[in-house]
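Working notes for the structure below.
The values are calculated or read from the model by the stated rules, or taken from the named source; none is laboratory data. Since the structure is predicted, the reported quantities are computational estimates derived from the model, not experimental observations. Cβ coordinates were reconstructed from backbone atoms using ideal geometry, including for glycine residues, and neighbour counts include every protein chain displayed. Quick note on the areas: whole protein, heavy atoms, side chains included, nothing else; ligands and nucleic acids left out. Shrake-Rupley method; radii C 1.70, N 1.55, O 1.52, S 1.80 Å.
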Amino acid sequence: MNETIATGLRLPSGLVALQDGRLALVEMDAGRRYLKLYDAGGVSREVCRIGGTPSGIAIDGDGCFWVAGGPEDSLVKLSPQGRVLQVIEGSADGPFLHPNALAFGPDGLLYMTDSGFRLADLLEGGHIQPDFFKAAYNGCVYQIDPAEGRVIRVLAAGLLLAGGIAFDADGLLYYSETLSGKIYRQIVGGRQEMFALSMTSPAVNTLRGPSGLAFDRSGMLYCAMYGLGEICLIDTDGKMAGHIRTNGARPGNIAFTIDGKHLLVSEQENGVVEKITAPRPGLPLHMPTIS
């Protein structure tokens, strides 16, 4: 069994390690919608109630939090104390549908996946509709200028539930398409190519598939497999190189601790954060200062 460092959570989602070793995470549940901080001893502090359906989180070099899935399906910038500094609601093509995951790039810009559906269209009585696979998904990947607070361009569209997002050490952009099991990559702004296939068949009957992404320093990609209870490891050739079991069946997002020694996993079945010894040190995230 993996160690748990945070319990009693309700739909824990995005998480990120801070420079001082603390952990920041968001809860999606309608009764919570919090941004929380956890110290090394597991003691938590609620920074603020964000609203919306907070799903992804990133932190910049100023210590500000960027949260995907704020009120009215927005992207929100919060001060270290939780004060709203900026709200981005969409691109020139229209509003965001359901912002999901975030990653700063080596160019200092912010990158975000949008799942591609309205949450209200996917749920029925609080449960996922049985014909969810037939919904009209338009998952997107956005490039965003955090200083100007605007979308620069759409890097990918038409994805079947755009999930996690991450950069490798060479600056290539990776993102997961949850329902198909595909993981794509691109030189930013270049042609999209399929990097790996994490499932043998699409998620037609049960919501499952690749979600959160993170890299270690050797170039290994770690992918949280929602609904399948594992983290799959994918080598630099896009081949499956191993699996790490999670205690619960619904791992959503993953992040390395700031020292790179442990992998942190938000797991929604049990409402916890699992802590796993990393096979190799994690790749540090980009945390640019926003001018």
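Some observations on this one:
- When Gly171, Gly108, Gly163, Gly116 are screened for being open to solvent by less than 10 Å² (accessible area, probe 1.4 Å), part of a loop (DSSP other than H, G, I, E, B) and under 30 Å from Thr289 (Cα atoms), only Gly116 passes.
- Taken together, Ile183, Ile152 contain a single residue that is at pLDDT 95 or above and either of a type in the set (Asp, Glu) or surrounded by fewer than 17 Cβ atoms within 10 Å (Cβ to Cβ) (or both), which is Ile152.
- Among (1) of a type outside the set (Gly, Ala, Ser); (2) outside any loop (DSSP other than H, G, I, E, B); (3) within 23 Å of Glu267 (Cα to Cα); (4) open to solvent by less than 20 Å² (accessible area, probe 1.4 Å) - the single one Asn100 does not satisfy: (4)
- Single residue of region 1-33 satisfying the filter (touching a Phe, Trp or Tyr at 6+ places or on another chain (Cβ under 8 Å) and either free of Cβ contacts under 8 Å to residues at least 12 places away in the same chain or outside any loop (DSSP other than H, G, I, E, B) (or both)) that is farthest from Leu263 (Cα to Cα): Glu27
- The one condition in (1) farther than 27 Å from Ala169 by Cα; (2) open to solvent by 40 Å² or more (accessible area, probe 1.4 Å) that Leu35 fails to fulfil: (2)
Residues checked against (1) touching a residue at least 40 places away in the same chain (Cβ under 8 Å); (2) part of a strand (DSSP E or B); (3) in contact with a strand residue (DSSP E or B) (Cβ under 6 Å, 6 or more places away or on another chain):
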position	(1), (2), (3)
Tyr184	no, yes, yes
Val188	yes, no, yes
Arg191	no, no, no
Phe195	yes, yes, yes
Asn205	yes, no, no
Pro210	yes, yes, yes
Leu213	yes, yes, yes
Gly219	yes, no, no
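- Region 59-83 - residue that is hydrophobic (A, V, I, L, M, F, W, C) and free of Cβ contacts under 8 Å to residues at least 60 places away in the same chain and, of those, surrounded by the fewest Cβ atoms within 10 Å (Cβ to Cβ): Leu78
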